[in-house]
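**Q** What follows is a structure written as structure tokens; I'll ask about it next.
The values are calculated or read from the model by the stated rules, or taken from the named source; none is laboratory data. As the structure is a computational prediction, the values presented were derived from the model and not from experiment. Heads up, the Cβs are rebuilt from the backbone with ideal geometry, glycines too, and the neighbour counts pull from every protein chain shown.
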Protein chains: 2
Amino acid sequence: MKAELISVGTEILLGEITDTNAVKLGQFLAQKGIDVVNRQTVGDNKERIEEALEIATRRSDLIITIGGLGPTEDDLTKDAVADFVGDQLIFDQNTLDKITDYFEKSNIEITSNNKKQAEVFANGGTLANGIGLAAGSFIENNNHTYVVLPGPPSEFTPMVNGSFNQFLITRFNLNQQIKSKTLHFVGIGESLLADKLDDLINRQTNPTIALYFKDTDVTVRLTAKGTEEPEIDQLLNQTESDINKLVGEFYYSDEDEIDFPSFVTQELIKRELSITSAESLTGGLFQSTIVGVAGASNIFPGGYVTYSDASKHSLLGVSEATISDNTVVSGPVAKEMAIGAKNLMGTSIGVSFTGVAGPDGLEGHPAGEVWIGLALPNGDTVQNKYVFNGNRQKIRQRSVNKAFELIWRLILK
Amino acid sequence: MKAELISVGTEILLGEITDTNAVKLGQFLAQKGIDVVNRQTVGDNKERIEEALEIATRRSDLIITIGGLGPTEDDLTKDAVADFVGDQLIFDQNTLDKITDYFEKSNIEITSNNKKQAEVFANGGTLANGIGLAAGSFIENNNHTYVVLPGPPSEFTPMVNGSFNQFLITRFNLNQQIKSKTLHFVGIGESLLADKLDDLINRQTNPTIALYFKDTDVTVRLTAKGTEEPEIDQLLNQTESDINKLVGEFYYSDEDEIDFPSFVTQELIKRELSITSAESLTGGLFQSTIVGVAGASNIFPGGYVTYSDASKHSLLGVSEATISDNTVVSGPVAKEMAIGAKNLMGTSIGVSFTGVAGPDGLEGHPAGEVWIGLALPNGDTVQNKYVFNGNRQKIRQRSVNKAFELIWRLILK
């Protein structure tokens, strides 16, 4: 079977966005054993979409369009496919209900364009969109299969893994199974991890081993193929064990969708360790990250954003002499901030941040210099100095990530 | 003139690499006023490359291939183009000398495949490669221009900006200029804005009008073409004025790279209006957003994250009776939080958030119900109830965005 992708969007042609959807779909189909032999990219123009469909139909069996399902005049893909195969568009009632409900709740007037997103092929089927409003759809015509998928990556990816995947399995009797396992690591750089796993990655093809890197979080994704589940599990477990022999000390979780701050927060909740924070340069980012995890109220009563020197004294009780003797970006100030917050809120742990986010330096400290303080459950305190690279946002984010790593290493591990 | 890109590489189709070259070339050509109307991606297969050339020749004037110029058996692009236009390949002597020199210095035996990289079209010309070994080339045939560029981004980008750019200027007498202007709107959904601008967008082609949507922020990008700058400015200003007649009440800025929270924070800094916050469900996200803007220390001394009911009382002085009489997700609590924070920090403005981020409801309030309180510089207070859709993070982000909108409407505008 030959597959062909048609990405729709003038903004892709103009280079305003990068077509990551086509990249992901190419990978996804390759894993299923379906070869993508051609990809076309066309603007938001009905004639050009139809021309692309005509070209694709001459040489491919499975034709997948990406994008152009939204509510604007530019969103023409379903119209073009329906015209091309000689079908009509009808409303999918479930999707229409969802759209109506969404606009009623938001108190926004619903337009006919909004409703357009519920359209599917009359003689085809619906691919449910779990995240957004635009339904996907498919239709068979003259031994060709046409599938339309939405463009926003946050909707595209879940649909590919969900309703589109199910459609492929059913439609093409795919009996090869694919199973993935994600291993998460922290505190080791991507290139060092790649170095340590190099032999293993080159030696084997099933499972494949792919590395992903995001902030301080390194993810290793194993993908195994086979016809029987126990056989696949055995392959995955063997490789996981091989990997952990090499870099097990940096491993923290094999949950599919977890990031390190959420993992640490969930561990705090499980162990009933309450936490507070006093944040200067991070301005609430650490506490906001904790609150991002459902159930945070069990361990997080609240905390402080003490951006000015005066507020560190008046809100947390940091001594004015400590600030003037050491400057505000210093270990003693970080220590008093962490202890102050912990005592005032009555928690097990207090975390403090004081540093320079930049772009300019402060009182002789360069941008990127950050002190993180940790008041521990046993009454001890730790305050460490770091120098982070990057712009203002990166420095703040790296400070927060590092604090979670400290909590993990010093308290949880 | 219509341009079409043909990216060559099986690894692109399989999603093993992302085709950043096509993104950059799309941007580059758009800036030159050359429209890319189609992009094709094909594997390393001579027949498929020729098929792509044939399709492109039917509809485009300038046809640019990317990739497939290297020394391996898979590198077939020049052969395919030469066959397609009925030309021969000859060695470019400068490139051949460079290749010979390189292999002699490296003490590696030079193969005929290595020499292949020096080939150019016999009846065309050479595009010098300043970084790598493979020469680019171009040829004219039947009123079409064919250009072959190398695939490695480290070679591709310098060639685009160097020899390819020079070629375009000479070949097409480019004196057309392009200028863009970005208009930012807030408080209006994308579909409603698209609806209101529908006629205008359909009626005109210069400037083009493109809509972009991100959170609560809607951006309209005008791109005008012309030969003289005053003429282009006039076109842009006329369209801007037409747009503002229709949706001017939602307009806030024409700065290129601005988002709404940063705009509001910068306005507060300009007007020396100090601000603090007491955040419950948002957990510090509002304050962290303010601190994300350089210079925030001039107007933001710090604030509170009061996640538990107890902390709203102990840190902000919200009366326990107000909480028990109204529940914690209520206007009176939002009001006391905003006033409490403002008075304690001595700022001009106090902003409060209390609500339910979900996934579960709280004390009879559904997930998404949020009260935002605003203590104004004149001593008045406003507290509004909202119901936001989305998951936990979306609800928190939308609460923060709405607060910035309130500050703008009630204080700054």
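**Q** Could you count how many residues in the stretch A:260-284 are charged (D, E, K, R), in contact (Cβ under 8 Å) with a residue 24 or more places away in the chain and more than 12 Å from chain B (Cβ to nearest Cβ)?
**A** Step one: list which residues in the stretch A:260-284 are charged (D, E, K, R), which gives A:267, A:270-272, A:279.
After this cut, where a residue has to be in contact (Cβ under 8 Å) with a residue 24 or more places away in the chain as well, the list is A:267, A:271-272, A:279.
Filter again for more than 12 Å from chain B (Cβ to nearest Cβ), leaving A:267, A:271-272.
The total comes to 3.
**Q** Please go through the stretch A:365-395 and give me each residue that is in contact with a Gly (Cβ under 7 Å, 6 or more places away or on another chain), of a type in the set (D, E, K, R) and not in a strand (DSSP E or B), ordered by number.
**A** A:Arg392, the sole residue that qualifies.
**Q** Next up: Specify the residue that is nearest to A:Gly125 (Cα to Cα); the eligible residues are those in the stretch A:170-185 that are modelled with pLDDT of 90 or more and of a type in the set (A, V, I, L, M, F, W, C).
**A** Restricting to residues being modelled with pLDDT of 90 or more and of a type in the set (A, V, I, L, M, F, W, C), the top hit is A:Leu183.
**Q** In the stretch B:292-302, what residues are on the phi > 0 side of the Ramachandran plot and buried (at least 22 other Cβ atoms within 10 Å of the Cβ)?
**A** As a first pass, look at the stretch B:292-302 and keep what is on the phi > 0 side of the Ramachandran plot: B:295, B:302.
The answer is B:Gly302, and nothing else.
**Q** For the stretch A:291-312: of the residues being more than 7 Å from chain B (Cβ to nearest Cβ) and part of a helix (DSSP H, G or I), which is nearest to A:Ile339 (Cα to Cα)? So that I can check it myself, show each step before the final result.
**A** So in the stretch A:291-312, the residues more than 7 Å from chain B (Cβ to nearest Cβ) come out as A:293, A:295-296, A:298-299, A:309, A:312.
Within this subset, residues satisfying the condition of being part of a helix (DSSP H, G or I) are A:296, A:298, A:309, A:312.
Values: A:Ala296: 21, A:Asn298: 21, A:Asp309: 16, A:Lys312: 12 Å.
For the stretch A:291-312, the residue satisfying everything is A:Lys312.
**Q** Take the conditions β-branched (Val, Ile, Thr) and either touching a Cys at 6+ places or on another chain (Cβ under 9 Å) or within 25 Å of B:Glu51 (Cα to Cα) (or both) and apply them to A:Ile63. Does it pass? So that I can check it myself, show each step before the final result.
**A** On the way: β-branched (Val, Ile, Thr): yes; either touching a Cys at 6+ places or on another chain (Cβ under 9 Å) or within 25 Å of B:Glu51 (Cα to Cα) (or both): yes.
Spelling it out, A:Ile63 is indeed β-branched (Val, Ile, Thr) and either touching a Cys at 6+ places or on another chain (Cβ under 9 Å) or within 25 Å of B:Glu51 (Cα to Cα) (or both).
**Q** If a residue has to be charged (D, E, K, R), at the interface with chain B (Cβ under 10 Å from one of its Cβ atoms) and part of a helix (DSSP H, G or I) to count, how many in the stretch A:27-53 make the cut?
**A** Residues in the stretch A:27-53 being charged (D, E, K, R), at the interface with chain B (Cβ under 10 Å from one of its Cβ atoms) and part of a helix (DSSP H, G or I): 2 in total.
Yes/no matrix, rows are residues, columns are (1) touching a His at 6+ places or on another chain (Cβ under 9 Å); (2) crowded, with 24+ Cβ neighbours inside 10 Å; (3) modelled with pLDDT of 90 or more; (4) among the charged types (D, E, K, R):
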site	(1), (2), (3), (4)
B:Leu5	no, yes, yes, no
B:Ile12	no, yes, yes, no
B:Val23	no, no, yes, no
B:Arg39	no, yes, yes, yes
B:Glu47	no, no, yes, yes
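**Q** Please indicate, with yes or no, whether at least one residue in the stretch A:54-63 is within 20 Å of B:Arg59 (Cβ to Cβ) and buried (at least 24 other Cβ atoms within 10 Å of the Cβ). Even if it seems obvious, please write down each step before you answer.
**A** Taking the stretch A:54-63 as the starting set, the residues that turn out to be within 20 Å of B:Arg59 (Cβ to Cβ) are A:54-60, A:63.
Still in the running and buried (at least 24 other Cβ atoms within 10 Å of the Cβ): A:56, A:63.
Looking through the stretch A:54-63, at least one residue is within 20 Å of B:Arg59 (Cβ to Cβ) and buried (at least 24 other Cβ atoms within 10 Å of the Cβ).
**Q** While we're here: When the stretch A:214-243 is examined, which residues are found to be more than 22 Å from A:Gln177 (Cβ to Cβ), surrounded by 14 or more Cβ atoms within 10 Å (Cβ to Cβ) and either in contact (Cβ under 8 Å) with a residue 60 or more places away in the chain or not β-branched (Val, Ile, Thr) (or both)?
**A** Scanning the stretch A:214-243 gives A:Asp215, A:Thr216, A:Asp217.
**Q** Against the definition (in contact with an Asp or Glu (Cβ under 7 Å, 6 or more places away or on another chain) and assigned by TED's automatic domain parsing to the domain that holds A:Lys385), how does A:Ser319 come out, yes or no?
**A** Working: in contact with an Asp or Glu (Cβ under 7 Å, 6 or more places away or on another chain): yes; assigned by TED's automatic domain parsing to the domain that holds A:Lys385: yes.
Yes: the conditions hold for A:Ser319.
**Q** Listed residues B:Phe103, B:Phe84, B:Phe138; which is closer than 18 Å to B:Gly67 by Cα and part of a helix (DSSP H, G or I)? Give the steps one after another, and end with the answer.
**A** On the way: B:Phe103 fails: closer than 18 Å to B:Gly67 by Cα; B:Phe138 fails: part of a helix (DSSP H, G or I).
When all the criteria are applied, what remains is B:Phe84.
**Q** Here is a further query. How about the stretch A:389-402: which of its residues are within 16 Å of A:Gln287 (Cα to Cα) and more than 13 Å from chain B (Cβ to nearest Cβ)?
**A** A:Arg398, A:Asn401, A:Lys402 - these are the residues of the stretch A:389-402 that are within 16 Å of A:Gln287 (Cα to Cα) and more than 13 Å from chain B (Cβ to nearest Cβ).
**Q** Which is within 14 Å of chain A (Cβ to nearest Cβ) and of a type outside the set (Val, Ile, Thr), of B:Glu73, B:Glu4?
**A** Result of the check over B:Glu73, B:Glu4: B:Glu4.
**Q** Ok, one more. Could you list, in sequence order, the residues of the stretch B:334-381 that are within 14 Å of chain A (Cβ to nearest Cβ), aliphatic (A, V, I, L, M), touching a Lys or Arg at 6+ places or on another chain (Cβ under 9 Å) and in contact (Cβ under 8 Å) with a residue 40 or more places away in the chain?
**A** Passing the criteria: B:Met337, B:Val351, B:Ala357, B:Val370.
**Q** Could you please let me know if B:Thr208 is surrounded by fewer than 18 Cβ atoms within 10 Å (Cβ to Cβ), within 14 Å of another protein chain (Cβ to nearest Cβ), farther than 30 Å from B:Leu149 by Cα and β-branched (Val, Ile, Thr)? Write out each step before concluding.
**A** Details: surrounded by fewer than 18 Cβ atoms within 10 Å (Cβ to Cβ): yes; within 14 Å of another protein chain (Cβ to nearest Cβ): yes; farther than 30 Å from B:Leu149 by Cα: no; β-branched (Val, Ile, Thr): yes.
Judged against the criteria, B:Thr208 is not a match.
**Q** Among the residues of the stretch A:12-26, write down those that are more than 7 Å from every other protein chain (Cβ to nearest Cβ) and in contact with an Asp or Glu (Cβ under 9 Å, 6 or more places away or on another chain).
**A** Correct list: A:Ile12, A:Ile17, A:Asp19, A:Ala22.
**Q** Among the residues of the stretch B:56-73, is any of a type in the set (Ser, Thr, Tyr), in the same structural domain as B:Thr20 (by TED's automatic domain parsing) and at pLDDT below 95? Step through it out loud before you land on a result.
**A** Initial filter on the stretch B:56-73 (of a type in the set (Ser, Thr, Tyr)): B:57, B:60, B:65, B:72.
Going one step further and asking which of them are in the same structural domain as B:Thr20 (by TED's automatic domain parsing), we end up with B:57, B:60, B:65, B:72.
Next cut, at pLDDT below 95 only: B:72.
Looking through the stretch B:56-73, at least one residue is of a type in the set (Ser, Thr, Tyr), in the same structural domain as B:Thr20 (by TED's automatic domain parsing) and at pLDDT below 95.
**Q** A follow-up question, please. Can you find a residue that is more than 20 Å from the chain's Cα centre (by Cα) and under 23 Å from A:Glu50 (Cβ atoms) anywhere in the stretch A:178-186?
**A** Within the stretch A:178-186, not a single residue is more than 20 Å from the chain's Cα centre (by Cα) and under 23 Å from A:Glu50 (Cβ atoms).
**Q** Here's something else I'd like to know. Can A:Val247 be described as closer than 29 Å to A:Asn389 by Cα, out of contact with any strand residue (DSSP E or B) (no Cβ under 6 Å at 6 or more places or on another chain) and surrounded by 14 or more Cβ atoms within 10 Å (Cβ to Cβ)? Full working, then the answer.
**A** Working: closer than 29 Å to A:Asn389 by Cα: yes; out of contact with any strand residue (DSSP E or B) (no Cβ under 6 Å at 6 or more places or on another chain): yes; surrounded by 14 or more Cβ atoms within 10 Å (Cβ to Cβ): yes.
Considered against the rule, which asks whether it is closer than 29 Å to A:Asn389 by Cα, out of contact with any strand residue (DSSP E or B) (no Cβ under 6 Å at 6 or more places or on another chain) and surrounded by 14 or more Cβ atoms within 10 Å (Cβ to Cβ), A:Val247 comes out as yes.
**Q** While we're on this one: State whether one or more residues within the stretch A:147-158 are outside the structural domain of A:Thr208 (by TED's automatic domain parsing), surrounded by fewer than 20 Cβ atoms within 10 Å (Cβ to Cβ) and among the polar types (S, T, N, Q). Steps first, answer last, please.
**A** Initial filter on the stretch A:147-158 (outside the structural domain of A:Thr208 (by TED's automatic domain parsing)): A:147-158.
Then keep just the ones that are surrounded by fewer than 20 Cβ atoms within 10 Å (Cβ to Cβ); that gives A:152-154, A:157-158.
After this cut, where a residue has to be among the polar types (S, T, N, Q) as well, the list is A:154, A:157.
There is at least one residue in the stretch A:147-158 that is outside the structural domain of A:Thr208 (by TED's automatic domain parsing), surrounded by fewer than 20 Cβ atoms within 10 Å (Cβ to Cβ) and among the polar types (S, T, N, Q).
For (1) modelled with pLDDT under 95; (2) among the acidic types (Asp, Glu); (3) surrounded by fewer than 20 Cβ atoms within 10 Å (Cβ to Cβ), each residue gets a yes or a no:
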| site | (1), (2), (3) |
| --- | --- |
| A:Ile349 | no, no, no |
| A:Ala357 | yes, no, no |
| A:Glu363 | yes, yes, yes |
| A:Trp371 | no, no, no |
| A:Leu374 | no, no, no |
| A:Val382 | no, no, yes |
| A:Ala403 | no, no, no |
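To keep it simple, each residue is scored yes or no on (1) within 21 Å of A:Ala56 (Cα to Cα); (2) surrounded by 15 or more Cβ atoms within 10 Å (Cβ to Cβ); (3) modelled with pLDDT of 95 or more.
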{"residue": "A:Val81", "(1), (2), (3)": "yes, yes, yes"}
{"residue": "A:Phe91", "(1), (2), (3)": "no, yes, yes"}
{"residue": "A:Asn94", "(1), (2), (3)": "no, no, no"}
{"residue": "A:Lys105", "(1), (2), (3)": "no, no, no"}
{"residue": "A:Asn113", "(1), (2), (3)": "no, yes, no"}
{"residue": "A:Lys116", "(1), (2), (3)": "no, yes, no"}
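**Q** Same structure again: Within the stretch A:63-80, how many residues turn out to be more than 25 Å from the chain's Cα centre (by Cα) and not in a loop (DSSP other than H, G, I, E, B)?
**A** The total comes to 5.
**Q** I've got another one for you. Sort through B:Lys98, B:Lys78 and tell me the only one that's among the basic types (Lys, Arg), over 20 Å from A:Thr41 (Cβ atoms) and out of contact with any helix residue (DSSP H, G or I) (no Cβ under 9 Å at 6 or more places or on another chain).
**A** On the way: B:Lys78 fails: out of contact with any helix residue (DSSP H, G or I) (no Cβ under 9 Å at 6 or more places or on another chain).
Going through B:Lys98, B:Lys78 in turn, just one is among the basic types (Lys, Arg), over 20 Å from A:Thr41 (Cβ atoms) and out of contact with any helix residue (DSSP H, G or I) (no Cβ under 9 Å at 6 or more places or on another chain): B:Lys98.
**Q** Evaluate the following for B:Asp44: is it touching a residue at least 40 places away in the same chain (Cβ under 8 Å), more than 23 Å from B:Arg171 (Cα to Cα) and of a type in the set (D, E, K, R)?
**A** Working: touching a residue at least 40 places away in the same chain (Cβ under 8 Å): no; more than 23 Å from B:Arg171 (Cα to Cα): yes; of a type in the set (D, E, K, R): yes.
No; evaluated as a whole, the condition is false for this residue.
**Q** Residue by residue through the stretch B:313-364, note down the ones that are over 37 Å from the mean Cα position of the chain (by Cα) and in a strand (DSSP E or B).
**A** The one that is over 37 Å from the mean Cα position of the chain (by Cα) and in a strand (DSSP E or B): B:Leu362.
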